[in-house]
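> Please read through the structure below; I'll follow up with questions.
The values are calculated or read from the model by the stated rules, or taken from the named source; none is laboratory data. On a predicted model such as this, the values are computed, not experimentally measured, just so you know. Glycine also receives a Cβ, built like all others from the backbone with ideal geometry; neighbour counts cover every protein chain displayed.
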Ligand code: NI
């Protein structure tokens, strides 16, 4: 296992459509997954897509930690977000359930140090293959849905700024922290529903 170099915005591998994985159980795919898990833990990040480690294949990993799930509940007073264990999605497909979208703060390991407000579908259904070749089919909402949409966008050469509707909310976290108001409060002043940020 190894920690891989993460491609940053501008690298061509982040702009192309990734290729389908032909055999999810192949040894090189298992090795790639193990290396991506190490790389994401080292970053640290919530999610990682294969193109971010210079492999243009349709494979992403993500997890929603317990701490994140509880934090979401406290900040928003919404229904509790559930923690999601480390999940590998191979050749994933996403379907929006309804038109409702919610703006939330996102970061990305390919844009280190930056965050921005990104609208995403609130409810989705996704389907993918697991590393053992079995089928994963889930419905997701809120932060879970956001992370999956962010990661799967990487497979189509899309980075989160391309999904933003208000580029004035894109910035460096260490500059935003200078402000008297924390980032979340500043974002809320723009009267958009917010979700929490993390690198994916
Ligand atoms: Ni990302």
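> Considering only residues that are within 15 Å of the ligand (Cβ to nearest atom) and either within 10 Å of residue 61 (Cβ to Cβ) or out of contact with any helix residue (DSSP H, G or I) (no Cβ under 6 Å at 6 or more places or on another chain) (or both), which ones fall in the range 17-45?
Residues satisfying the conditions are 36, 39, 40, 43, 44, 45.
> Then there's this: If you scan the range 129-149, which residues turn out to be on the phi < 0 side of the Ramachandran plot, out of contact with any strand residue (DSSP E or B) (no Cβ under 6 Å at 6 or more places or on another chain) and crowded, with 21+ Cβ neighbours inside 10 Å?
Of everything in the range 129-149, just one residue is on the phi < 0 side of the Ramachandran plot, out of contact with any strand residue (DSSP E or B) (no Cβ under 6 Å at 6 or more places or on another chain) and crowded, with 21+ Cβ neighbours inside 10 Å, namely 143.
> Going through 85, 92 one at a time, which residue ends up being within 16 Å of the ligand (Cβ to nearest atom), closer than 18 Å to residue 62 by Cβ and at pLDDT 95 or above?
92
> Here's another thing I want to ask about it. Any residue at all in the range 125-137 that is within 16 Å of the ligand (Cβ to nearest atom) and farther than 15 Å from residue 153 by Cβ? Break it down stepwise before answering.
Going residue by residue through the range 125-137, those that are within 16 Å of the ligand (Cβ to nearest atom) are none.
Checked the range 125-137: no residue is within 16 Å of the ligand (Cβ to nearest atom) and farther than 15 Å from residue 153 by Cβ.
> Any idea which residue in the range 46-59 is surrounded by the fewest Cβ atoms within 10 Å (Cβ to Cβ), counting only those that are over 9 Å from the mean Cα position of the chain (by Cα) and within 11 Å of the ligand (Cβ to nearest atom)?
Per the criteria, the residue is 51.
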